[in-house]
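The values are calculated or read from the model by the stated rules, or taken from the named source; none is laboratory data. Small disclaimer: the values here were computed from a predicted structure and weren't measured. Glycine also receives a Cβ, built like all others from the backbone with ideal geometry; neighbour counts cover every protein chain displayed.
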Amino acid sequence: MAKTVLVRTLGGPEVMEMVDIDPGKPGPGEVLLRQTAIGVNFADVHYRRGTAPPHSQSKLPMPFAPGLEAVGYIEAVGEGVTQFKIGDRVGYATASYTWGAYTEARLFPADRCFPVPDTISDVDAAALLYRTITVQGMIRQCHVVKEGDTILLHAAAGGVGSILSQWASHLGATVIGTVSAQNKVERALSNGCAHVIVHTEEDFVARTRELTGGKGVDVCYDGVGIALFHKSFDAIRRYGLMVSFGQASGMMEPVAPVDLQHEGLYLTKFSGGTYNEDVGEYQERARDVMAAIEAGVFKLGNHLVYPMSEVKQAHIDLESGGTVGSLVLIP
Ligand SMILES: NC(=O)c1ccc[n+]([C@@H]2O[C@H](COP(=O)([O-])OP(=O)(O)OC[C@H]3O[C@@H](n4cnc5c(N)ncnc54)[C@H](OP(=O)(O)O)[C@@H]3O)[C@@H](O)[C@H]2O)c1
């Protein structure tokens with residue numbers, strides 16, 4: 001049996017209960033994974049309380065186990081699985097449609113697993129995989145980040161923010177990060193932000209304009225949503241791009257195309273579910289992510305680690321908006 005976090009009705013952290021589930025035997029193309037570390041993402045909070053974007057939320061089975069990423073060992077392989085053998089250490093970082101990571105053991109499609117190098121600890125892997133594969137799509141495809149770019153990044157000390165600022169600054173971009181509180185400034189600076197704005201104390205649009213000589217940034221990455229999204233367009237340069245990837249503070253109001261006209265702005269909404277749906281694209285992103293991790297782009301350690309039995313507290317902490325970096329559960 002495998003201890004598993006189960007949600008039977010949507011709601012607050014209290015709806016998560018610990019149950020024993022028999023993971024079963026792997027079918028064709030599947031592996032049985034014994035998991036050693038599990039990432040906690042804001043998306044898990046959204047699905048649990050029912051605030052994920054409608055197209056994703058509507059596909060959620062009930063009851064369900066939350067969780068989109070984990071690392072572990074292969075305990076059994078199903079028919080046709082040739083790329084892995086029992087004992088291999090693998091990770092996965094799926095987006096929507098493959099919930100269920102909050103468990104000691106699970107069945108999983110082999111083609112959605114990838115090897116995790118021995119140089120990366122279980123906790124680091126679980127802290128990094130989903131957020132790095134998200135960031136990969138946003139910095140390699142939505143906008144190809146390059147030397148000399150200027151970037152406005154909200155929640156720069158958070159999970160995705162920490163990864164994006166480290167990777168983009170490594171690529172030579174100047175990252176202007178925003179945070180909601182002074183106690184997050186140091187973390188954002190240590191992530192590679194060249195400037196950090198506490199948006200609760202200072203007008204982040206005016207400061208961003210000032211820092212870019214009045215021009216505005218090439219691209220804004222926003223995972224905060226309603227609280228900062230709409231204002232951020234004024235901080236983007238002519239022909240610049242807004243990449244919206246989340247709505248931690250609530251869903252944005254619709255944007256009329258005509259509102260983008262005056263400055264010729266571009267707008268996209270990133271979805272990991274879409275960008276990682278094709279297995280070939282997903283594995284290619286995973287290879288790029290592993291190469292970046294092995295090249296030392298990201299600081300390791302310094303994550304918030306909880307036993308899986310304290311999953312409610314992990315969600316309360318993440319939902320409070322007070323955490324920095326990534327959260328990890330140990331089953
Ligand atoms: N599209 C995708 O495929 C994809 C994939 C991964 C993540 N995401 C999204 O990316 C965002 C970041 O995810 P994460 O897991 O790394 O979380 P996170 O950034 O560690 O936590 C969310 C951050 O948002 C800010 N925030 C502002 N208002 C908030 C509110 N009302 N409640 C909670 N937080 C608030 C806080 O930073 P400050 O205090 O500094 O403002 C907080 O630290 C989330 O919106 C998530 O859904 C999207």
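Looking at A168, is it away from the ligand (no atom under 14 Å from the Cβ), in a helix (DSSP H, G or I) and touching a residue at least 60 places away in the same chain (Cβ under 8 Å)?
Values: away from the ligand (no atom under 14 Å from the Cβ): yes; in a helix (DSSP H, G or I): yes; touching a residue at least 60 places away in the same chain (Cβ under 8 Å): no.
The answer is no for A168.
With a requirement of 1 or more residues that are farther than 30 Å from K215 by Cβ and in contact (Cβ under 8 Å) with a residue 60 or more places away in the chain, the strands (runs of 3 or more DSSP E) lying completely within the range 63-159 that satisfy it span 69-77, 89-93, 105-109.
Every listed requirement among (1) surrounded by 19 or more Cβ atoms within 10 Å (Cβ to Cβ); (2) assigned to a helix (DSSP H, G or I); (3) small (G, A, S) is met by A206 save one, (1).
Just the residues that are in contact with a Ser or Thr (Cβ under 7 Å, 6 or more places away or on another chain) and more than 8 Å from the ligand (Cβ to nearest atom), please, taken from the range 129-148. C142 - this is the single residue of the range 129-148 that is in contact with a Ser or Thr (Cβ under 7 Å, 6 or more places away or on another chain) and more than 8 Å from the ligand (Cβ to nearest atom). Of the set (1) within 18 Å of L6 (Cβ to Cβ); (2) surrounded by fewer than 24 Cβ atoms within 10 Å (Cβ to Cβ), all apply to L68 but (2).
Report yes if some residue within the range 277-293 is assigned to a loop (DSSP other than H, G, I, E, B) and over 28 Å from G250 (Cα atoms); otherwise report no. Steps first, answer last, please.
Here is the first cut: in the range 277-293, the ones assigned to a loop (DSSP other than H, G, I, E, B) are 277-278.
Still in the running and over 28 Å from G250 (Cα atoms): 278.
Checked against the condition, which is being assigned to a loop (DSSP other than H, G, I, E, B) and over 28 Å from G250 (Cα atoms), the range 277-293 yields at least one hit.
Within the range 86-103, is even one residue modelled with pLDDT of 95 or more and polar (S, T, N, Q)? Yes, there is a match, as at least one residue in the range 86-103 is modelled with pLDDT of 95 or more and polar (S, T, N, Q). Output the number of residues of the range 251-262 satisfying the condition of being surrounded by 12 or more Cβ atoms within 10 Å (Cβ to Cβ) and either in contact (Cβ under 8 Å) with a residue 40 or more places away in the chain or assigned to a helix (DSSP H, G or I) (or both). Number of matching residues: 3. Residue pairs whose Cβ atoms lie under 6 Å apart, sitting 6 or more positions apart in sequence or on different chains, and linking a residue in the range 281-295 that is under 12 Å from T132 (Cβ atoms) to a partner that is of a type in the set (F, W, Y), are A286/F114. Examine the range 269-290 for a residue that is over 30 Å from V71 (Cβ atoms), of a type in the set (S, T, Y) and either surrounded by fewer than 19 Cβ atoms within 10 Å (Cβ to Cβ) or in the same structural domain as A155 (by TED's automatic domain parsing) (or both), and state whether such a residue exists. Within the range 269-290, none of the residues are over 30 Å from V71 (Cβ atoms), of a type in the set (S, T, Y) and either surrounded by fewer than 19 Cβ atoms within 10 Å (Cβ to Cβ) or in the same structural domain as A155 (by TED's automatic domain parsing) (or both).
Quick check on S244: is it within 30 Å of N302 (Cβ to Cβ) and either touching a residue at least 40 places away in the same chain (Cβ under 8 Å) or in contact with a Pro (Cβ under 9 Å, 6 or more places away or on another chain) (or both)? Explain how you work it out, then say what you get.
Values: within 30 Å of N302 (Cβ to Cβ): yes; either touching a residue at least 40 places away in the same chain (Cβ under 8 Å) or in contact with a Pro (Cβ under 9 Å, 6 or more places away or on another chain) (or both): no.
The answer is no for S244.
Hey, does the range 180-202 have a residue that's surrounded by 15 or more Cβ atoms within 10 Å (Cβ to Cβ), in contact (Cβ under 8 Å) with a residue 12 or more places away in the chain, under 30 Å from A110 (Cβ atoms) and touching a strand residue (DSSP E or B) at 6+ places or on another chain (Cβ under 9 Å)? Looking through the range 180-202, none of the residues is surrounded by 15 or more Cβ atoms within 10 Å (Cβ to Cβ), in contact (Cβ under 8 Å) with a residue 12 or more places away in the chain, under 30 Å from A110 (Cβ atoms) and touching a strand residue (DSSP E or B) at 6+ places or on another chain (Cβ under 9 Å). State whether the residues of the range 7-21 include one that is of a type in the set (S, T, Y) and buried (at least 17 other Cβ atoms within 10 Å of the Cβ). Checked the range 7-21: no residue is of a type in the set (S, T, Y) and buried (at least 17 other Cβ atoms within 10 Å of the Cβ).
Do we find that A43 is in a helix (DSSP H, G or I) and buried (at least 19 other Cβ atoms within 10 Å of the Cβ) in this structure?
Details: in a helix (DSSP H, G or I): yes; buried (at least 19 other Cβ atoms within 10 Å of the Cβ): yes.
Spelling it out, A43 is indeed in a helix (DSSP H, G or I) and buried (at least 19 other Cβ atoms within 10 Å of the Cβ).
In this structure, V175 does not satisfy being closer than 19 Å to N276 by Cβ and either aromatic (F, W, Y) or outside any helix (DSSP H, G or I) (or both). Got at least one residue in the range 230-243 being within 16 Å of the ligand (Cβ to nearest atom), buried (at least 20 other Cβ atoms within 10 Å of the Cβ) and closer than 30 Å to T119 by Cα? Checked against the condition, which is being within 16 Å of the ligand (Cβ to nearest atom), buried (at least 20 other Cβ atoms within 10 Å of the Cβ) and closer than 30 Å to T119 by Cα, the range 230-243 yields no hits at all.
Across the range 209-229, which residue is surrounded by the fewest Cβ atoms within 10 Å (Cβ to Cβ) among those that are within 13 Å of the ligand (Cβ to nearest atom) and on the phi < 0 side of the Ramachandran plot?
Filtering the range 209-229 down to residues within 13 Å of the ligand (Cβ to nearest atom) leaves 221-229.
Checking the rest, the ones that are also on the phi < 0 side of the Ramachandran plot come to 221-224, 226-229.
Details: Y221: 33, D222: 25, G223: 25, V224: 25, I226: 13, A227: 18, L228: 23, F229: 24.
Once the filter is applied, the top-ranked residue is I226.
Residue-by-condition table, conditions (1) among the charged types (D, E, K, R); (2) touching a helix residue (DSSP H, G or I) at 6+ places or on another chain (Cβ under 8 Å); (3) more than 16 Å from the ligand (Cβ to nearest atom):
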{"residue": "G272", "(1), (2), (3)": "no, yes, no"}
{"residue": "G280", "(1), (2), (3)": "no, no, yes"}
{"residue": "N302", "(1), (2), (3)": "no, no, no"}
{"residue": "E319", "(1), (2), (3)": "yes, yes, no"}
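Taking the numbered list (1) within 13 Å of the ligand (Cβ to nearest atom); (2) out of contact with any Gly (no Cβ under 8 Å at 6 or more places or on another chain); (3) modelled with pLDDT under 95 in turn, T268 passes all entries but (3).
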